[in-house]
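Okay, structure first, notes after.
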Amino acid sequence: MGKITGFLEIDRKVESYAPVEERIKNFREFTLPMEEKDVKDQGARCMDCGIPFCHSGCPLGNLIPDFNDAVYRGKWEKASEILHSTNNFPEFTGRLCPAPCEEACVLGINEDPVTIENIEKNIAETAFKKGWITAKPPLERTGKKVAVVGSGPAGLAAAQQLNRAGHQVTVFERDEKPGGLLRYGIPDFKMEKHVIDRRLEVLKEEGIEFKCGVHVGKDIKADALKNDFDAIVLTGGATVRRKLPIEGADLKGVVQAMDFLGQNNRRVDGIKDLGEEILATDKDVVVIGGGDTGSDCIGTSFRQGAKSVSNFEIMPMGTPDRPKDQPWPFWPMRLRTSSSHKEGAERFFSISTKKFIGDEKGNLKGLITSEVEWVTVPGQRPQLKEVEGTEKEWKCELALLALGFTGSENTIAEQLGLEMDNRTNIKASEIDYKTNVPGIFVAGDQRRGQSLIVWAISEGRQAAHHVDKYLMGESALPLKGDGDLPRV
Ligand SMILES: Cc1cc2nc3c(=O)[nH]c(=O)nc-3n(C[C@H](O)[C@H](O)[C@H](O)COP(=O)(O)OP(=O)(O)OC[C@H]3O[C@@H](n4cnc5c(N)ncnc54)[C@H](O)[C@@H]3O)c2cc1C
Ligand code: SF4
């Protein structure tokens, strides 16, 4: 442990943000880096708990007190080694993770938790700056070939682990560039795409082959892939978007959030041929859906110059503090206010959209909502009930549907004869990630449904261990909880 009295003397400090009026002028990241001394002080707040609950909160089992201590002592290279022993891409999670580890931090019981995520980002950025992150190709090749389908965080993590084990890995991606939702979902203002590119360079140098613009199931039949590879890892994400089947849903101006976000990220990347442009410029925008995707639509709309942005959420407003029935160290369902919300969006809760209204040319010009309440009948699931007399018409030229995803596409599953689960994800056990077809594994959102980057990396790593074991009879690739390193 670093400073025994650190948590008593030092207050929590996190990165600050550029002012709203500055940051909405462009799509760049807007966090202001912390001084090295401040990051080390934050590491000193860690109590090195006998039972570090932060570990259990982290889906990767990151060795948090160990790297906190190393940072406090200024041993940055050691900290990077510890962090990379459980997380292939801390520069992604250090920017984007909702940090379940911080919700589980023991200090959080009666103080502000340790700023674990910021420390993680600073370790990763220091390591890149100092040149410690270099390609480490395997010393020997096994002669086995593995196909990874999908290059989001799950696919990239599985690919790097399997390549480390000496297998020849090819990643197939239907988009123009690798990265999955990191590249064509999450806006640049949350993570600039050079952060993905610099990591991809390392992966390529280690010997992983990327085949982009290849849609498995269409351009190559999935069963053909089976003949060419010794094992396949499916990491195609949960890409089927939830619809809003109400009157007017086909009007011009009612748009799926992923079409809007994907197009904007491509525009920021300098791609010119984007088809019909979807822009929030000078429009009254309504974002329907109060999650991460909705929040990203808000920030993107402001940067495109929207006249106003309103955000609708069908659930009631949460409390900013942890609800009593969700005690520490569990992940609490509470009101979360993102940096995008703070850029000027008006938020409305317990509201349901009933109808879109168009003009004579079929363009969206407004929508109608009503307030709703959730009625609980003992023994039944809560029922949604409209509150009478609360109908309201809103002016709106762009409605963005950020309603989440219902599961995985099923083309590959059909071609390979894979079973789906009752939530329309590809079925595989959380223990070994095996599908019902030998040699085919599934990980990330395509297995667990819409989730988080940290879970995708975790599943990619875990699945890689089991693929390696399937191919070689045993595996030295680490599983979660294996990484008990000696203390610094
Ligand atoms: C807008 C948005 C914002 C988000 N923000 C956050 C956040 O801030 N923090 C966080 O932790 N999580 C966030 N998430 C969730 C997170 O991005 C996902 O949980 C994570 O990316 C899932 O990783 P994955 O590798 O399983 O799949 P994905 O990232 O979805 O990648 C799947 C890839 O597979 C490719 N693919 C699919 N089928 C095929 C095929 N047949 N052939 C070839 N390629 C194929 C797709 O093109 C895609 O590139 C966000 C999600 C969205 C939509
Ligand atoms: S729970 Fe919090 S204080 Fe305890 S070891 Fe983990 S980060 Fe440090």
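The values are calculated or read from the model by the stated rules, or taken from the named source; none is laboratory data. None of the values given here were measured: they were computed from a predicted structure. Please note: Cβ atoms are built from the backbone with ideal geometry, for glycine as well, and neighbour counts cover all protein chains shown. These area figures cover heavy atoms from the full protein model, side chains too; ligands, DNA and RNA do not enter into them. Shrake-Rupley method; radii C 1.70, N 1.55, O 1.52, S 1.80 Å.
Computed values, structure above
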quantity: Options 211, 190, 204, 218; residue that is outside any loop (DSSP other than H, G, I, E, B), among the charged types (D, E, K, R) and either open to solvent by less than 50 Å² (accessible area, probe 1.4 Å) or over 23 Å from residue 476 (Cα atoms) (or both); calculated: 211
quantity: 3 or more residues farther than 19 Å from residue 99 by Cα: qualifying helices (runs of 4 or more DSSP H) within the stretch 1-69; calculated: 6-9, 20-23, 36-44
quantity: Residues being of a type in the set (Ser, Thr, Tyr) and farther than 20 Å from residue 470 by Cβ - total across the stretch 228-243; calculated: 1
quantity: Residues of the stretch 67-85 classified as of a type outside the set (Phe, Trp, Tyr), within 13 Å of ligand 2 (Cβ to nearest atom) and open to solvent by 10 Å² or more (accessible area, probe 1.4 Å), total; calculated: 1
quantity: Residue that is farthest from residue 119 (Cα to Cα), among those in the stretch 70-81 that are out of contact with any Phe, Trp or Tyr (no Cβ under 9 Å at 6 or more places or on another chain) and part of a helix (DSSP H, G or I); calculated: 72
quantity: Wholly within the stretch 390-488, helices (runs of 4 or more DSSP H) carrying at least 1 residues that are closer than 30 Å to residue 346 by Cα and in contact with a Cys (Cβ under 8 Å, 6 or more places away or on another chain); calculated: 453-472
quantity: Residue match in the stretch 143-157 (condition: closer than 20 Å to residue 171 by Cα, assigned to a loop (DSSP other than H, G, I, E, B) and open to solvent by 30 Å² or more (accessible area, probe 1.4 Å)); calculated: yes
quantity: Within the stretch 28-66, tally of residues that are open to solvent by 40 Å² or more (accessible area, probe 1.4 Å) and within 16 Å of ligand 1 (Cβ to nearest atom); calculated: 2
quantity: Index of the failed condition, residue 410 passing every other in (1) of a type outside the set (Phe, Trp, Tyr); (2) in contact with a helix residue (DSSP H, G or I) (Cβ under 8 Å, 6 or more places away or on another chain); (3) open to solvent by 20 Å² or more (accessible area, probe 1.4 Å); calculated: (2)
quantity: Contacts under 8 angstrom Cβ, first residue in the stretch 250-266 being under 17 Å from residue 364 (Cβ atoms) and open to solvent by less than 10 Å² (accessible area, probe 1.4 Å), partner modelled with pLDDT of 95 or more and among the β-branched types (Val, Ile, Thr), 6 or more apart; calculated: 257/287; 257/293; 260/278; 260/300
quantity: Residue match in the stretch 121-141 (condition: in contact with a strand residue (DSSP E or B) (Cβ under 7 Å, 6 or more places away or on another chain) and either surrounded by fewer than 19 Cβ atoms within 10 Å (Cβ to Cβ) or assigned to a loop (DSSP other than H, G, I, E, B) (or both)); calculated: yes
quantity: Condition check for residue 289: over 20 Å from residue 24 (Cβ atoms) and at pLDDT 95 or above; calculated: yes
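Residue-by-condition table, conditions (1) assigned to a loop (DSSP other than H, G, I, E, B); (2) charged (D, E, K, R):
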| site | (1), (2) |
| --- | --- |
| 317 | yes, no |
| 330 | yes, no |
| 342 | no, yes |
| 352 | no, no |
| 357 | no, no |
| 372 | no, no |
